[in-house]
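A quick write-up on the structure given underneath.
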Amino acid sequence: MTKYITQRSKSDLNGSPKRVALGNWLREQREAKGLTMRDLQAISGKPHSYFGKIEQAQRGLDVLEFIELCEWLEVEPHISIIKIAAL
């Protein structure tokens, strides 16, 4: 089996405009609901640093993780994608 090799490193994505938009959206949603990162930790079972890295544009999400995040925040994924794209 051939191993997939990407032409860019993970650090190339850190701080990318799309990740910044995702982080800004997460922060806005979290604060609008009056939640801290520790509150999201309690809801999700993920460490609070997971959310911090997303908000700081150091970590992205795959589609399934994004849907799960929307469930924790009680927001609609399809509406959220439109909002993130507009940022």
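The values are calculated or read from the model by the stated rules, or taken from the named source; none is laboratory data. Owing to the predicted nature of the structure, the values given are computational and were not obtained by experimental measurement. Here Cβ is always computed from backbone atoms with ideal geometry, including for glycine, and neighbour counts include all displayed protein chains.
Scanning the stretch 13-22 for residues that are modelled with pLDDT of 95 or more, exposed (fewer than 15 other Cβ atoms within 10 Å of the Cβ) and either among the charged types (D, E, K, R) or more than 12 Å from the chain's Cα centre (by Cα) (or both) turns up nothing. Taken residue by residue, the stretch 31-45 has no member that is at pLDDT 95 or above and under 22 Å from Leu13 (Cα atoms). Restricting Ile67, Ile84, Ile54, Ile79 to those that are at pLDDT below 95 and surrounded by 13 or more Cβ atoms within 10 Å (Cβ to Cβ) reduces the list to Ile84.
For the stretch 38-87, the helices (runs of 4 or more DSSP H) that sit wholly inside it and include 3 or more residues that are of a type in the set (Gly, Ala, Ser) are 77-86. Counting the residues of the stretch 25-41 that are among the aliphatic types (A, V, I, L, M) and either loosely packed, with under 13 Cβ neighbours inside 10 Å or under 17 Å from Ile84 (Cβ atoms) (or both) gives 2.
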